[in-house]
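Let me begin by presenting the structure, written as structure tokens, before commenting on it.
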Amino acid sequence: MATKRPRRPKGDGKAPRPRKKKRKMRLSLRQNKIAKSDNYTDSVGWSQNTAGRVLEDAPKPKEMETLTIQCDMCGCRLKIPKPKKHRYTVACSYPECNHIMKFD
């Protein structure tokens, strides 16, 4: 077994160190200071209407309506936007044809 260190005698000439005071920590929670009655109602962002409201899907942006027309000369199929007027003309986009069709 290992030998123990010899103890110093108390009257060695050195003054004993003063002990530090331990800080007392507050262990109470702050909830003790809050009132016991809870009056909070979670109504932010919600409607108070009892009748209710039905939400619909957001309206989709309308795409342009297109018509499919077949050229009289070459038989090429053309997709054109739906005309706003009753009378309109359409030119064939095929480079060798360039036929102009009139609709009344």
- For region 76-104, enumerate the residues that are exposed (fewer than 10 other Cβ atoms within 10 Å of the Cβ) and assigned to a loop (DSSP other than H, G, I, E, B). K82, K84, K85, H86, R87, P95, E96, D104
- Close pairs from region 84-104: first farther than 16 Å from D72 by Cα, partner exposed (fewer than 14 other Cβ atoms within 10 Å of the Cβ), Cβ under 8 Å, at least 6 apart: H86/D104; R87/K102; R87/F103; R87/D104
- Any residue at all in region 46-64 that is surrounded by 10 or more Cβ atoms within 10 Å (Cβ to Cβ) and modelled with pLDDT of 65 or more? no
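Condition check ((1) within 41 Å of the chain's Cα centre (by Cα); (2) of a type outside the set (V, I, T)) across all residues:
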| residue | (1), (2) |
| --- | --- |
| E56 | yes, yes |
| L67 | yes, yes |
| C74 | no, yes |
| T89 | no, no |
| H99 | no, yes |
| K102 | no, yes |
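The values are calculated or read from the model by the stated rules, or taken from the named source; none is laboratory data. A quick note: this is a predicted structure, and the numbers were derived from the prediction, not measured. For neighbour counting, all protein chains shown are included, and Cβ atoms are generated from backbone atoms with ideal geometry for every residue, glycine included.
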